[in-house]
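Some notes on the structure that comes next.
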Amino acid sequence: MKKKNAMISPSMMCADPFHLPEVLAAFEAGGIEWLHIDVMDGHYVPNFTLGPDFCRAVAKETTIPMDIHLMVESPDRYLDLFCPFPGARVSFHPETVRQPVRVIERIRELGASPGISVDPSLPLETLAHLLPLVDQVMIMTVNPGYAGQKLIPFCLEKLRECRRRLDAIGSGADVEVDGNVSWENIPGMVEAGANVLVAGTSSLFKNGRVSSQDIDRFRRVIQ
Ligand code: DX5
Ligand code: ZN
């Protein structure tokens, strides 16, 4: 299958809330494709982050679509809160629900684009039956819950396996990589098949702010 153009999805939990207008302006000027929104509930992961109010505020200020990453137990309870944003992609961790197929169908019914997120401990073969149903598979290369962690090396091979499995079923779904997407790690991640890269503290964000030079640098490294 034709290699997909790589896209950047900056992780908004890494932005300093007191500088959000300038961060968003830099992303618009830099042609950023997605805004990665980490939603944590203090149960599935031991942390709390962004929620629907933040998404509403972002949707009022920009037309860049949101790449919403639900790190919550029972995400089926919250789909109405996250799916209505224009162009939203909504990913959940399949082990958090009893009927992942129903959740994928529901996300689509609500007008959003469904994705699944794969914890480092989860083998892709257990999710094979879900791959034809989704628009994106997010491979986590750190344990979900925090920014600023180190890459778990065996996850790189999962990127390759994921792209291979999607190609084998004729799926054009995106392969997203989330966690320690650093200047050093980006080339190997793209080479392994990632085409949506979550940019956090390892690359674009310095003290919660971003520069146009770094956005340009990111673009060059993934091309
Ligand atoms: C968790 C987050 C983090 C993080 C990414 O789902 O998406 O992985 O913000 O940025 P790094 O790992 O570069 O701080
Ligand atoms: Zn994330």
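Among the residues of region 24-43, are any among the hydrophobic types (A, V, I, L, M, F, W, C), more than 18 Å from C83 (Cβ to Cβ), in a helix (DSSP H, G or I) and touching an Asp or Glu at 6+ places or on another chain (Cβ under 8 Å)? Checked against the condition, which is being among the hydrophobic types (A, V, I, L, M, F, W, C), more than 18 Å from C83 (Cβ to Cβ), in a helix (DSSP H, G or I) and touching an Asp or Glu at 6+ places or on another chain (Cβ under 8 Å), region 24-43 yields at least one hit.
Residues checked against (1) more than 14 Å from ligand 1 (Cβ to nearest atom); (2) in contact with a Pro (Cβ under 6 Å, 6 or more places away or on another chain):
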residue	(1), (2)
L20	yes, no
A25	yes, no
E28	yes, no
G31	yes, no
T49	no, no
I64	yes, no
G87	yes, yes
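The set of residues in region 114-142 being within 15 Å of V181 (Cβ to Cβ) and assigned to a strand (DSSP E or B) consists of S117, M138, I139, M140. When region 141-174 is filtered for residues that are surrounded by 19 or more Cβ atoms within 10 Å (Cβ to Cβ), more than 15 Å from ligand 1 (Cβ to nearest atom) and either in contact (Cβ under 8 Å) with a residue 60 or more places away in the chain or not charged (D, E, K, R) (or both), the ones remaining, listed by number, are C162, L166, A173, D174.
Considering only residues that are away from ligand 1 (no atom under 14 Å from the Cβ) and either assigned to a loop (DSSP other than H, G, I, E, B) or under 15 Å from the mean Cα position of the chain (by Cα) (or both), look in region 175-223 and name the one that is surrounded by the fewest Cβ atoms within 10 Å (Cβ to Cβ). Checked region 175-223; the qualifying residue surrounded by the fewest Cβ atoms within 10 Å (Cβ to Cβ) is Q223. Pairs meeting the criteria (first residue in region 24-41 and closer than 16 Å to C14 by Cβ, second residue more than 16 Å from ligand 1 (Cβ to nearest atom) and modelled with pLDDT under 95, beta carbons under 9 Å, at least 6 apart or on different chains) are lacking. Picking from residues in region 181-199 that are in contact with a helix residue (DSSP H, G or I) (Cβ under 9 Å, 6 or more places away or on another chain) and β-branched (V, I, T), the one that is nearest to ligand 2 (Cβ to nearest atom) is V181. With respect to being in contact (Cβ under 8 Å) with a residue 12 or more places away in the chain, crowded, with 17+ Cβ neighbours inside 10 Å and either assigned to a strand (DSSP E or B) or within 14 Å of ligand 1 (Cβ to nearest atom) (or both), I8 fits the description.
The values are calculated or read from the model by the stated rules, or taken from the named source; none is laboratory data. This structure is a prediction, so every number in the text was calculated from the model and none was measured. Virtual Cβ from ideal backbone geometry, glycine too; neighbours counted across all protein chains shown.
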